[in-house]
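Report on the following structure.
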Amino acid sequence: MATVKRTATVGDLFIEFGNKEIEIYRIAPDGSGALKRIDDTQGAIRRMAEEAGIERDYNLSYRQHVAMLIQHINGLENKKND
């Protein structure tokens, strides 16, 4: 089975949603493209969701919530509604 990864960039944060883990990296502000892993994944997800205006739906699993956030960030929600 192929590995499916979804990614999104919000400001200086890069989120990667893989089959097993959710990883968040801070993008270097000097333009080098260097990434530094953030240890507080849940806190970063919470901040991204607040910035995007998405409230946590506790009827969804955490992974479903993150997937929905990535779709929203990437504009896929708008395409689905058209």
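The values are calculated or read from the model by the stated rules, or taken from the named source; none is laboratory data. Keep in mind it's a predicted model, so treat the numbers as computed, not measured. Note that each Cβ is placed from the backbone with ideal geometry, even for glycine, and that neighbours are counted across all protein chains shown. These accessible areas exclude ligands, DNA and RNA; they are computed on the full protein's heavy atoms, side chains included. Shrake-Rupley method; radii C 1.70, N 1.55, O 1.52, S 1.80 Å.
Provide a single number: the residues in region 4-30 that are open to solvent by less than 90 Å² (accessible area, probe 1.4 Å) and not small (Gly, Ala, Ser). Spell out how you get there, then give the answer.
The initial filter retains those residues of region 4-30 that are open to solvent by less than 90 Å² (accessible area, probe 1.4 Å), namely 4, 7-19, 22-25, 27-28.
Retained after the next criterion (residues that are not small (Gly, Ala, Ser)): 4, 7, 9-10, 12-17, 19, 22-25, 27.
Of the residues in region 4-30, 16 are open to solvent by less than 90 Å² (accessible area, probe 1.4 Å) and not small (Gly, Ala, Ser).
Residue by residue through region 31-53, note down the ones that are more than 13 Å from LEU69 (Cα to Cα), open to solvent by 100 Å² or more (accessible area, probe 1.4 Å) and touching a Phe, Trp or Tyr at 6+ places or on another chain (Cβ under 9 Å). Please lay out each step first, then the result.
Let us first name the residues in region 31-53 that are more than 13 Å from LEU69 (Cα to Cα), namely 31-41, 43.
Then drop every residue that is not open to solvent by 100 Å² or more (accessible area, probe 1.4 Å), which leaves 36-37, 39.
Passing the criteria: LYS36, ARG37.
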